[in-house]
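Here is the structure we will look at.
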Amino acid sequence: MKLIHHPLLAATPGTRQELVSLHFGQPGAGPKVTIQASLHADEVPGMLVAQHLRRRLEALEAAGQLRGEVVLVPAANPIGLHQWLLRDQQGRFELASGQNFNRHYADLTDTVAAAVQGRLGADAAANVQTVRAALRAAVAALPASGALESLRKTLYGLAIDADIVLDLHCDGEAVMHFYTTPDGWPQAEPLARCMGAQAVLLATSSGDEPFDEACSMVWTRLAERVGPAHPLPPACTAVTIELRGEGDVSHALAAQDAAAIEHFLQLRGVIAGTPAELPPLRCEATPLAGSMPIHAPQGGVLVFLREPGDRVKKGEPIVELIDPFSGEVTVLVSPVDGLLYARERRRFAVAGMPLAKVAGREALRQGLLLSA
(Lines give C-alpha, C1' and ligand atoms only; values in the text may rest on other atoms or scores of the structure.)
Protein backbone atom coordinates (compact mmCIF):
# COMPACT_ATOMS: atom_id res chain seq x y z
CA MET A 1 0.00 0.00 0.00
CA LYS A 2 1.22 3.44 -0.91
CA LEU A 3 0.08 6.42 1.14
CA ILE A 4 0.06 9.84 -0.54
CA HIS A 5 -0.41 13.22 1.15
CA HIS A 6 -2.01 15.88 -1.06
CA PRO A 7 -1.53 19.39 0.39
CA LEU A 8 -4.51 21.68 -0.16
CA LEU A 9 -4.19 25.36 -0.92
CA ALA A 10 -3.98 27.11 2.44
CA ALA A 11 -6.79 29.55 3.17
CA THR A 12 -4.54 31.75 5.31
CA PRO A 13 -0.83 31.95 6.15
CA GLY A 14 0.22 29.67 8.96
CA THR A 15 -2.45 27.02 8.29
CA ARG A 16 -2.22 23.70 6.47
CA GLN A 17 -4.66 21.01 5.40
CA GLU A 18 -4.12 17.89 3.34
CA LEU A 19 -6.02 15.05 1.76
CA VAL A 20 -4.72 11.50 2.22
CA SER A 21 -5.17 8.74 -0.36
CA LEU A 22 -4.23 5.06 -0.02
CA HIS A 23 -3.18 3.20 -3.18
CA PHE A 24 -3.37 -0.58 -3.49
CA GLY A 25 -2.35 -2.83 -6.36
CA GLN A 26 -0.52 -1.96 -9.54
CA PRO A 27 -1.62 0.97 -11.75
CA GLY A 28 -2.35 -0.23 -15.27
CA ALA A 29 -2.50 -3.91 -14.33
CA GLY A 30 -6.29 -3.99 -14.52
CA PRO A 31 -9.34 -1.88 -13.76
CA LYS A 32 -8.92 1.22 -11.62
CA VAL A 33 -11.30 1.81 -8.72
CA THR A 34 -11.60 4.96 -6.63
CA ILE A 35 -13.56 4.79 -3.37
CA GLN A 36 -13.97 7.91 -1.26
CA ALA A 37 -15.70 8.34 2.08
CA SER A 38 -17.50 11.23 3.75
CA LEU A 39 -17.24 14.01 1.19
CA HIS A 40 -19.93 15.43 3.44
CA ALA A 41 -17.66 15.31 6.46
CA ASP A 42 -20.44 14.86 9.03
CA GLU A 43 -21.61 11.65 7.33
CA VAL A 44 -19.50 9.22 9.33
CA PRO A 45 -20.54 5.68 8.22
CA GLY A 46 -18.36 5.84 5.10
CA MET A 47 -15.24 6.56 7.12
CA LEU A 48 -15.73 3.36 9.14
CA VAL A 49 -16.44 1.33 5.99
CA ALA A 50 -13.19 2.73 4.57
CA GLN A 51 -11.29 1.45 7.61
CA HIS A 52 -12.66 -2.04 7.09
CA LEU A 53 -11.88 -1.83 3.38
CA ARG A 54 -8.34 -0.72 4.18
CA ARG A 55 -7.67 -3.87 6.20
CA ARG A 56 -9.22 -6.08 3.53
CA LEU A 57 -7.25 -4.44 0.73
CA GLU A 58 -3.99 -4.69 2.67
CA ALA A 59 -4.54 -8.42 3.09
CA LEU A 60 -5.53 -8.91 -0.55
CA GLU A 61 -2.50 -6.97 -1.76
CA ALA A 62 -0.17 -8.98 0.48
CA ALA A 63 -1.67 -12.20 -0.90
CA GLY A 64 -1.22 -11.06 -4.50
CA GLN A 65 -4.99 -11.07 -5.09
CA LEU A 66 -5.39 -7.59 -6.57
CA ARG A 67 -5.74 -7.53 -10.37
CA GLY A 68 -6.02 -3.78 -10.70
CA GLU A 69 -5.59 -0.57 -8.77
CA VAL A 70 -7.75 0.59 -5.87
CA VAL A 71 -7.50 4.18 -4.62
CA LEU A 72 -9.11 4.61 -1.21
CA VAL A 73 -9.74 8.07 0.22
CA PRO A 74 -10.69 7.32 3.83
CA ALA A 75 -11.83 10.87 4.70
CA ALA A 76 -12.49 12.92 1.59
CA ASN A 77 -13.09 16.29 3.24
CA PRO A 78 -10.46 17.61 5.68
CA ILE A 79 -11.99 21.08 5.37
CA GLY A 80 -15.38 19.89 6.64
CA LEU A 81 -13.80 17.74 9.34
CA HIS A 82 -12.39 20.95 10.84
CA GLN A 83 -15.63 22.98 10.68
CA TRP A 84 -17.24 22.94 14.11
CA LEU A 85 -19.64 25.54 15.43
CA LEU A 86 -21.13 25.43 18.94
CA ARG A 87 -20.40 21.71 19.33
CA ASP A 88 -22.00 20.84 15.98
CA GLN A 89 -20.03 19.78 12.92
CA GLN A 90 -20.70 21.68 9.69
CA GLY A 91 -19.55 19.09 7.16
CA ARG A 92 -21.96 19.57 4.27
CA PHE A 93 -21.24 23.17 3.27
CA GLU A 94 -18.00 25.14 3.24
CA LEU A 95 -18.47 27.94 5.74
CA ALA A 96 -16.44 30.43 3.70
CA SER A 97 -18.57 30.17 0.55
CA GLY A 98 -21.75 28.36 1.61
CA GLN A 99 -21.18 25.84 -1.20
CA ASN A 100 -22.05 22.18 -0.89
CA PHE A 101 -18.88 20.08 -0.89
CA ASN A 102 -20.56 17.63 -3.31
CA ARG A 103 -21.54 20.09 -6.01
CA HIS A 104 -19.95 22.20 -8.78
CA TYR A 105 -17.40 19.74 -10.15
CA ALA A 106 -16.24 20.96 -13.54
CA ASP A 107 -17.94 19.62 -16.68
CA LEU A 108 -14.93 18.65 -18.79
CA THR A 109 -16.87 17.77 -21.94
CA ASP A 110 -15.92 20.78 -24.05
CA THR A 111 -12.24 20.69 -23.03
CA VAL A 112 -11.84 16.98 -23.70
CA ALA A 113 -13.85 17.05 -26.94
CA ALA A 114 -11.47 19.68 -28.28
CA ALA A 115 -8.42 17.74 -27.09
CA VAL A 116 -9.43 14.45 -28.78
CA GLN A 117 -10.80 15.94 -31.99
CA GLY A 118 -9.36 13.99 -34.93
CA ARG A 119 -7.69 11.44 -32.63
CA LEU A 120 -10.51 8.91 -32.20
CA GLY A 121 -11.08 5.94 -34.48
CA ALA A 122 -13.14 2.78 -34.76
CA ASP A 123 -11.40 0.99 -31.84
CA ALA A 124 -13.49 1.59 -28.71
CA ALA A 125 -10.76 0.45 -26.30
CA ALA A 126 -8.20 2.76 -27.90
CA ASN A 127 -10.70 5.61 -27.78
CA VAL A 128 -11.21 5.07 -24.05
CA GLN A 129 -7.47 5.34 -23.40
CA THR A 130 -7.23 8.51 -25.50
CA VAL A 131 -10.11 10.11 -23.64
CA ARG A 132 -8.72 9.11 -20.24
CA ALA A 133 -5.42 10.78 -21.02
CA ALA A 134 -7.30 13.92 -22.05
CA LEU A 135 -9.38 13.81 -18.88
CA ARG A 136 -6.27 13.63 -16.70
CA ALA A 137 -4.79 16.61 -18.52
CA ALA A 138 -8.04 18.58 -18.23
CA VAL A 139 -8.24 18.06 -14.46
CA ALA A 140 -4.57 18.97 -14.05
CA ALA A 141 -5.26 22.26 -15.85
CA LEU A 142 -8.23 23.25 -13.65
CA PRO A 143 -7.69 26.44 -11.62
CA ALA A 144 -7.68 26.27 -7.84
CA SER A 145 -7.91 29.69 -6.23
CA GLY A 146 -9.03 28.54 -2.79
CA ALA A 147 -9.11 25.60 -0.40
CA LEU A 148 -12.45 24.27 -1.69
CA GLU A 149 -11.38 24.38 -5.35
CA SER A 150 -8.11 22.74 -4.35
CA LEU A 151 -10.01 19.90 -2.65
CA ARG A 152 -12.32 19.41 -5.63
CA LYS A 153 -9.40 19.34 -8.05
CA THR A 154 -7.50 16.80 -5.95
CA LEU A 155 -10.47 14.45 -5.54
CA TYR A 156 -11.35 14.79 -9.23
CA GLY A 157 -7.78 13.92 -10.22
CA LEU A 158 -7.86 10.73 -8.16
CA ALA A 159 -11.08 9.52 -9.81
CA ILE A 160 -11.41 10.95 -13.31
CA ASP A 161 -9.68 8.05 -15.09
CA ALA A 162 -11.21 5.27 -12.96
CA ASP A 163 -13.37 2.44 -14.27
CA ILE A 164 -15.37 2.44 -11.03
CA VAL A 165 -16.03 5.36 -8.66
CA LEU A 166 -17.84 4.74 -5.37
CA ASP A 167 -18.73 7.83 -3.32
CA LEU A 168 -19.77 6.82 0.22
CA HIS A 169 -22.38 9.02 1.88
CA CYS A 170 -25.37 8.62 4.20
CA ASP A 171 -28.70 10.34 4.87
CA GLY A 172 -30.32 11.47 8.13
CA GLU A 173 -32.24 8.26 8.86
CA ALA A 174 -32.51 5.95 5.88
CA VAL A 175 -32.28 2.56 4.28
CA MET A 176 -29.38 1.70 1.98
CA HIS A 177 -29.92 3.51 -1.32
CA PHE A 178 -27.97 4.49 -4.45
CA TYR A 179 -27.79 7.38 -6.90
CA THR A 180 -26.44 6.69 -10.38
CA THR A 181 -27.19 7.35 -14.05
CA PRO A 182 -29.29 5.33 -16.50
CA ASP A 183 -26.12 4.49 -18.45
CA GLY A 184 -24.40 3.41 -15.26
CA TRP A 185 -27.22 1.29 -13.87
CA PRO A 186 -26.50 -1.96 -15.81
CA GLN A 187 -22.94 -2.00 -14.43
CA ALA A 188 -24.04 -0.89 -10.96
CA GLU A 189 -26.89 -3.40 -10.64
CA PRO A 190 -24.63 -6.17 -9.25
CA LEU A 191 -23.38 -3.71 -6.62
CA ALA A 192 -26.97 -2.99 -5.60
CA ARG A 193 -27.46 -6.75 -5.17
CA CYS A 194 -24.26 -7.15 -3.14
CA MET A 195 -25.09 -4.25 -0.81
CA GLY A 196 -28.81 -4.88 -0.49
CA ALA A 197 -29.89 -1.48 -1.79
CA GLN A 198 -33.58 -0.83 -1.13
CA ALA A 199 -33.85 2.14 -3.50
CA VAL A 200 -31.91 3.11 -6.64
CA LEU A 201 -32.50 6.58 -8.07
CA LEU A 202 -31.49 7.35 -11.65
CA ALA A 203 -30.84 10.70 -13.35
CA THR A 204 -28.73 11.86 -16.27
CA SER A 205 -28.45 15.27 -14.63
CA SER A 206 -29.54 15.86 -11.05
CA GLY A 207 -28.23 19.44 -11.15
CA ASP A 208 -25.11 21.32 -10.04
CA GLU A 209 -22.64 18.58 -11.11
CA PRO A 210 -22.21 16.32 -8.07
CA PHE A 211 -19.02 14.29 -7.91
CA ASP A 212 -20.34 10.97 -9.23
CA GLU A 213 -22.10 12.51 -12.24
CA ALA A 214 -19.07 14.63 -13.11
CA CYS A 215 -16.99 11.44 -13.31
CA SER A 216 -19.47 9.39 -15.34
CA MET A 217 -21.62 11.73 -17.43
CA VAL A 218 -18.64 13.16 -19.31
CA TRP A 219 -18.48 9.80 -21.13
CA THR A 220 -22.12 9.96 -22.18
CA ARG A 221 -21.79 13.57 -23.31
CA LEU A 222 -18.61 12.87 -25.26
CA ALA A 223 -20.16 9.82 -26.95
CA GLU A 224 -23.01 12.02 -28.17
CA ARG A 225 -20.48 14.54 -29.51
CA VAL A 226 -18.23 12.12 -31.40
CA GLY A 227 -21.00 9.92 -32.81
CA PRO A 228 -21.20 6.20 -33.61
CA ALA A 229 -18.28 6.32 -36.07
CA HIS A 230 -16.01 6.76 -33.04
CA PRO A 231 -17.40 4.29 -30.47
CA LEU A 232 -17.03 5.40 -26.87
CA PRO A 233 -18.62 3.23 -24.16
CA PRO A 234 -19.69 4.55 -20.73
CA ALA A 235 -16.25 3.72 -19.31
CA CYS A 236 -16.84 4.93 -15.74
CA THR A 237 -19.39 3.33 -13.42
CA ALA A 238 -19.95 5.97 -10.74
CA VAL A 239 -22.35 5.48 -7.83
CA THR A 240 -23.23 7.52 -4.78
CA ILE A 241 -23.87 4.97 -2.04
CA GLU A 242 -26.00 6.20 0.84
CA LEU A 243 -24.98 3.99 3.77
CA ARG A 244 -28.30 4.21 5.62
CA GLY A 245 -28.45 6.95 8.31
CA GLU A 246 -26.03 9.15 10.21
CA GLY A 247 -26.32 7.03 13.34
CA ASP A 248 -25.70 3.71 11.58
CA VAL A 249 -22.06 3.53 12.59
CA SER A 250 -21.09 0.05 13.82
CA HIS A 251 -18.39 -2.47 13.07
CA ALA A 252 -21.04 -5.03 12.13
CA LEU A 253 -22.58 -2.82 9.43
CA ALA A 254 -19.20 -1.52 8.20
CA ALA A 255 -17.80 -5.05 7.88
CA GLN A 256 -20.93 -6.11 6.01
CA ASP A 257 -20.67 -3.18 3.61
CA ALA A 258 -16.93 -3.65 3.04
CA ALA A 259 -17.48 -7.34 2.26
CA ALA A 260 -20.23 -6.40 -0.21
CA ILE A 261 -17.94 -3.93 -1.99
CA GLU A 262 -15.21 -6.58 -2.10
CA HIS A 263 -17.71 -9.02 -3.65
CA PHE A 264 -18.54 -6.48 -6.36
CA LEU A 265 -14.87 -5.78 -7.10
CA GLN A 266 -14.29 -9.50 -7.49
CA LEU A 267 -17.18 -9.63 -9.97
CA ARG A 268 -15.53 -6.82 -11.93
CA GLY A 269 -12.14 -8.57 -12.04
CA VAL A 270 -10.35 -6.21 -9.68
CA ILE A 271 -9.88 -8.99 -7.11
CA ALA A 272 -8.85 -12.52 -8.03
CA GLY A 273 -10.97 -15.56 -7.25
CA THR A 274 -14.41 -16.94 -8.00
CA PRO A 275 -17.11 -14.62 -6.70
CA ALA A 276 -19.98 -15.93 -4.63
CA GLU A 277 -23.45 -16.10 -6.11
CA LEU A 278 -25.19 -12.76 -6.30
CA PRO A 279 -28.08 -12.18 -3.89
CA PRO A 280 -31.44 -11.13 -5.35
CA LEU A 281 -32.12 -7.51 -6.23
CA ARG A 282 -34.20 -5.88 -3.50
CA CYS A 283 -35.67 -3.05 -5.55
CA GLU A 284 -36.30 -1.70 -9.00
CA ALA A 285 -34.50 1.40 -10.22
CA THR A 286 -36.73 4.47 -10.29
CA PRO A 287 -36.21 8.02 -11.60
CA LEU A 288 -34.67 10.53 -9.22
CA ALA A 289 -37.31 12.91 -10.60
CA GLY A 290 -39.83 10.57 -8.99
CA SER A 291 -38.32 11.00 -5.53
CA MET A 292 -40.84 13.25 -3.81
CA PRO A 293 -39.83 15.28 -0.74
CA ILE A 294 -42.17 16.15 2.10
CA HIS A 295 -41.53 19.66 3.46
CA ALA A 296 -42.60 21.30 6.70
CA PRO A 297 -45.17 24.07 6.02
CA GLN A 298 -44.32 25.56 9.42
CA GLY A 299 -42.12 24.82 12.40
CA GLY A 300 -42.92 22.35 15.14
CA VAL A 301 -42.25 19.05 16.86
CA LEU A 302 -41.84 16.09 14.50
CA VAL A 303 -43.49 12.76 15.23
CA PHE A 304 -42.91 10.26 12.42
CA LEU A 305 -45.66 7.73 11.81
CA ARG A 306 -43.78 5.52 9.34
CA GLU A 307 -40.25 4.10 9.25
CA PRO A 308 -37.58 4.18 6.52
CA GLY A 309 -38.09 1.15 4.33
CA ASP A 310 -41.89 1.23 4.60
CA ARG A 311 -44.01 1.05 1.47
CA VAL A 312 -46.55 3.85 1.55
CA LYS A 313 -49.56 4.94 -0.46
CA LYS A 314 -50.39 8.39 -1.79
CA GLY A 315 -52.24 10.31 0.92
CA GLU A 316 -51.02 8.05 3.72
CA PRO A 317 -49.96 9.94 6.89
CA ILE A 318 -46.16 10.06 7.27
CA VAL A 319 -45.45 12.61 9.99
CA GLU A 320 -47.22 14.85 12.49
CA LEU A 321 -46.02 18.42 12.95
CA ILE A 322 -47.08 19.81 16.33
CA ASP A 323 -47.10 23.49 17.29
CA PRO A 324 -45.88 23.48 20.92
CA PHE A 325 -47.69 26.75 21.71
CA SER A 326 -51.11 26.27 20.14
CA GLY A 327 -51.16 22.47 20.29
CA GLU A 328 -52.27 22.36 16.64
CA VAL A 329 -51.33 19.12 14.88
CA THR A 330 -50.64 19.13 11.14
CA VAL A 331 -50.52 15.71 9.48
CA LEU A 332 -48.31 15.49 6.41
CA VAL A 333 -48.98 12.70 3.91
CA SER A 334 -47.09 10.88 1.20
CA PRO A 335 -47.38 12.65 -2.17
CA VAL A 336 -47.08 9.37 -4.13
CA ASP A 337 -47.16 5.60 -3.84
CA GLY A 338 -43.61 4.42 -3.18
CA LEU A 339 -40.87 3.66 -0.70
CA LEU A 340 -40.17 5.93 2.26
CA TYR A 341 -36.40 5.65 1.99
CA ALA A 342 -35.11 8.58 4.06
CA ARG A 343 -36.27 11.00 6.74
CA GLU A 344 -34.95 13.83 8.91
CA ARG A 345 -32.93 12.81 11.99
CA ARG A 346 -33.90 15.84 14.06
CA ARG A 347 -37.25 16.06 15.81
CA PHE A 348 -37.97 19.76 15.57
CA ALA A 349 -38.59 21.40 12.21
CA VAL A 350 -38.42 24.91 10.85
CA ALA A 351 -40.64 26.08 8.02
CA GLY A 352 -39.49 24.74 4.66
CA MET A 353 -37.31 21.96 6.08
CA PRO A 354 -37.32 18.72 4.05
CA LEU A 355 -38.64 16.00 6.37
CA ALA A 356 -38.80 12.81 4.33
CA LYS A 357 -38.36 11.39 0.83
CA VAL A 358 -40.56 8.88 -0.98
CA ALA A 359 -39.29 7.12 -4.11
CA GLY A 360 -42.09 6.85 -6.65
CA ARG A 361 -42.07 5.30 -10.11
CA GLU A 362 -43.20 8.33 -12.12
CA ALA A 363 -40.91 11.28 -12.92
CA LEU A 364 -42.79 14.29 -11.55
CA ARG A 365 -40.07 16.86 -10.81
CA GLN A 366 -37.77 19.00 -12.93
CA GLY A 367 -34.76 21.20 -12.28
CA LEU A 368 -32.48 20.58 -9.30
CA LEU A 369 -33.32 17.08 -8.08
CA LEU A 370 -30.99 16.73 -5.10
CA SER A 371 -31.42 18.37 -1.71
CA ALA A 372 -29.28 21.44 -1.04
Inset, instruction - Write out the trypsin sites (Lys or Arg not before Pro) in the range 292-355 meeting two conditions: DSSP loop, and at most 15 other Cβ atoms within 10 Å of their Cβ. - result: K313, K314, R345, R346, R347
Inset, instruction - Restricting things to alpha carbons, find the Rg to Rh ratio for the chain using the Kirkwood radius for Rh. - result: 0.98
Legend entry - Kirkwood Rh, Cα atoms: Rg over Rh of the range 105-146: 1.05
Inset, instruction - Jot down the per residue volume, in cubic angstrom and as a whole number, of the convex hull over the alpha-carbon atoms of the range 142-269. - result: 133
Inset, instruction - Just subtract the alpha-carbon distance of R54 and A125 from 0.36 nm times their residue separation and send over the number in nm, one decimal. - result: 22.5 nm
Legend entry - Efficiency of FRET from Cβ geometry, A115 and T330, R₀ 51 Å, rounded to 0.05: 0.40
Legend entry - Lysine pairs in the chain with Cα atoms under 28 Å, if 8 or more residues apart or on separate chains: 5
Legend entry - For the chain, share of DSSP beta bridges that run antiparallel, in % to the nearest 5: 65
Legend entry - Percent breakdown of C-alpha pair distances by 10 Å bin, ordered from the shortest bin, for the range 210-274: 17, 30, 32, 16, 5, 0
Inset, instruction - Among A254, L232, A188, flag the residue with its Cα farthest along the positive direction of the charge dipole of the range 172-261, charges on Cβ as +1 for Lys/Arg and -1 for Asp/Glu. - result: L232
Inset, instruction - Rounded to the nearest 500, what is the 222 nm mean residue ellipticity of the chain from helices alone, with -39500 (n - 2.57) per DSSP H run of 4+ residues and division by all residues? - result: -9000 deg cm²/dmol
Inset, instruction - Return the loop-located GluC sites (Glu not before Pro) in the range 282-350 (DSSP other than H, G, I, E, B) with at most 11 other Cβ atoms within 10 Å of their own Cβ; answer none if there are none. - result: E284, E328
Inset, instruction - Label the range 63-207 by shape, choosing from rounded, prolate and oblate, from the square roots a ≥ b ≥ c of the eigenvalues of the Cα gyration tensor; if a/c is under 1.5 it is rounded, and otherwise prolate applies when a/b is larger than b/c, oblate when it is not. - result: oblate
Legend entry - Ellipsoid semi-axes in whole angstrom, largest first, where each is sqrt(5λ) of the Cα gyration tensor of the range 1-89: 29, 16, 9
Inset, instruction - Please compute the Cα-Cα pair-distance distribution of the range 278-372 with 10 Å bins starting at 0, giving whole percents from short to long. - result: 16, 46, 29, 8, 2, 0
Inset, instruction - Restrict the search to the range 272-372; then list the chymotrypsin sites (Phe, Trp or Tyr not before Pro) that DSSP places in a loop and that have at most 15 other Cβ atoms within 10 Å of their Cβ. - result: F325
Legend entry - Tail weight of P(r) past 21 Å, computed on alpha-carbon pairs of the range 127-211, percent: 44
Inset, instruction - Quick one, can you get me the convex hull of the C-alpha atoms of the range 52-130 expressed as volume per residue in Å³? - result: 150
Inset, instruction - Give the dimensionless ratio obtained when the Cα radius of gyration of the range 269-321 is divided by 2.2 N^0.38 Å. - result: 1.88
Legend entry - Simple Cβ-charge dipole of the chain, Lys/Arg +1 and Asp/Glu -1, about Cα centre, in debye nearest 20: 480
Inset, instruction - May I ask for the distance between the Cα centers of the range 317-344 and the range 104-177, given as a whole number of Å? - result: 40
Inset, instruction - Express in nm, to one decimal, how much length is gained between A144 and L95 on full extension, taking 0.36 nm for each residue of separation and deducting their alpha carbon distance. - result: 15.9 nm
Legend entry - Two-decimal Rg to Rh for the range 317-372 - Kirkwood Rh, Cα set: 1.00
Inset, instruction - Sort all Cα-Cα distances of the range 172-222 into consecutive 5 angstrom bins from zero, then give the percent of pairs in each bin up to the one containing the longest distance. - result: 5, 19, 29, 22, 17, 6, 1, 0
Legend entry - Apportionment of accessible area to carbon and sulfur, the range 114-243, percent (1.4 Å): 52
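The values are calculated or read from the model by the stated rules, or taken from the named source; none is laboratory data. Just so it is clear, the model here is predicted, and its values are computed rather than measured. Here Cβ is always computed from backbone atoms with ideal geometry, including for glycine, and neighbour counts include all displayed protein chains. Ligands, DNA and RNA are stripped out before the accessible areas are found, and what is left, the full protein with its side chains, is counted by its heavy atoms. Shrake-Rupley method; radii C 1.70, N 1.55, O 1.52, S 1.80 Å.
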